[in-house]
1. Pairs, please: C-beta under 9 Å, at least 6 apart or cross-chain, first residue part of a helix (DSSP H, G or I) and in region 39-54, second among the β-branched types (Val, Ile, Thr) and surrounded by 12 or more Cβ atoms within 10 Å (Cβ to Cβ)?
2. Could you check region 48-73 and list, in sequence order, the residues that are at negative phi and out of contact with any Asp or Glu (no Cβ under 9 Å at 6 or more places or on another chain)?
3. Out of the residues in region 30-50 that are of a type in the set (A, V, I, L, M) and either touching a Gly at 6+ places or on another chain (Cβ under 6 Å) or modelled with pLDDT of 95 or more (or both), which is surrounded by the fewest Cβ atoms within 10 Å (Cβ to Cβ)?
4. What pairs come out if I take residues in region 62-74 that are closer than 13 Å to SER40 by Cβ and pair them with residues that are surrounded by 13 or more Cβ atoms within 10 Å (Cβ to Cβ) and hydroxyl-bearing (Ser, Thr, Tyr) whose C-beta lies under 8 Å away, six or more apart or interchain?
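The values are calculated or read from the model by the stated rules, or taken from the named source; none is laboratory data. Just so it is clear, the model here is predicted, and its values are computed rather than measured. Here the Cβ is made from the backbone with ideal geometry for all residues, glycine too, and neighbour counts use every protein chain on show.
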Amino acid sequence: MKLTIHAVISILTTGVILSMATPFVANAAAPMQMDPPYGSCKEAHADGAYNIKKGDPGYRPKLDRDNDGVACEG
């Protein structure tokens, strides 16, 4: 009988240890959808976007009239 109780305790202990050792796996987040680039500064301004800096998602060289790295200045 002692062997049976020991075997049950061993199985329970092993199960607890294994369940504690299971790594947490997070689901990958879906990529954010980007709005299409502004076709003109008029569109950008209508959306409330002014002074769009180079490197920002809405920046386009064609919207930067003086080539200073800031588009749709206003």
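1. Final answer for the pair search is CYS41/ILE52; ALA44/ILE52.
2. LYS53, ASP56, TYR59, ARG60, PRO61, LYS62, LEU63, ASP68
3. The selected residue is ALA46.
4. Final answer for the pair search is LEU63/TYR38; ALA71/TYR59; CYS72/TYR38; CYS72/TYR50; GLY74/TYR50.
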